[in-house]
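The values are calculated or read from the model by the stated rules, or taken from the named source; none is laboratory data. Quantities reported herein were computed from a predicted structural model and do not represent experimental measurements. Note: ideal-geometry Cβ built from the backbone for every residue, glycine included; neighbour counts use all protein chains shown. When the accessible area is computed, the model is the full protein with side chains, heavy atoms only, and any ligands, DNA or RNA have been set aside. Shrake-Rupley method; radii C 1.70, N 1.55, O 1.52, S 1.80 Å.
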Amino acid sequence: MSDTQLPVLPAVEAEIRRLALSVSAPELHGGVCGWLAGGGGGGPEWLAQVMADPALPPVASGTSLDAMREASAAQLANRSFEFELLLPSADASLAERSGALFDWCRGFVGAFGLAAGDKALLSEDSREALADLVRLGAAQAQDEGDEEDEEALVELEEFVRVAALLLHGDCVLAPRHRQQFN
């Protein structure tokens, strides 16, 4: 697996069960992405920071969770827009996929707030994107849908992906660029 390829969802779910975490794989992936996008550190203690539970052990190197964090950090920093969300495959039900997307957004928003705090310098576009992510995180999955709902979910996934990149750009990449010019 390359350092920019996410581990498969079942591997992350298995590691979450092994650690007895009360979070879904999409929510944890959203959390690590929010943490990184908000400027949080990537050391082995990231799980305790993202979950706001100092009792959690450091993430062991070579595990699915470690691979998930490494791939997410690389994808966010890459700027080639290859950033991926860890979500169920397209053959999962609409309810499962939309629920996972909303979980992802909840995880992202919570961890982003922990990392960025209330002093983040966000562009107007980023503030709007963050507000939309908050609304999506509060949404509930619907049980069934039609082709239009499927298309809307694909568009929402793309919006969430771009919103995460935008927030990472404001909180992490922009400060790095400013430092280069000082």
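Remark: P10 matches the filter, which requires a residue to be at negative phi and part of a helix (DSSP H, G or I).
Cβ separations smaller than 8 Å between residues 6+ apart or across chains give the following pairs from the range 33-57 residues that are part of a loop (DSSP other than H, G, I, E, B) to residues that are buried (at least 21 other Cβ atoms within 10 Å of the Cβ) and aromatic (F, W, Y): G38/F112; G40/W46.
Within the option set A52, A60, being open to solvent by less than 60 Å² (accessible area, probe 1.4 Å), touching a helix residue (DSSP H, G or I) at 6+ places or on another chain (Cβ under 8 Å), over 18 Å from L166 (Cα atoms) and modelled with pLDDT under 95 holds for one residue only, A60. With respect to the stated conditions, V23 fails to be touching a helix residue (DSSP H, G or I) at 6+ places or on another chain (Cβ under 6 Å) and either free of Cβ contacts under 8 Å to residues at least 24 places away in the same chain or hydrophobic (A, V, I, L, M, F, W, C) (or both). Of everything listed in (1) without any contact (Cβ under 8 Å) to a residue 60 or more places away in the chain; (2) surrounded by fewer than 20 Cβ atoms within 10 Å (Cβ to Cβ); (3) in a helix (DSSP H, G or I), the single unmet condition for L122 is (3).
For the residues A129, A164, the requirement of being in contact with a Cys (Cβ under 8 Å, 6 or more places away or on another chain), at pLDDT 95 or above, surrounded by 13 or more Cβ atoms within 10 Å (Cβ to Cβ) and not in a loop (DSSP other than H, G, I, E, B) singles out A164.
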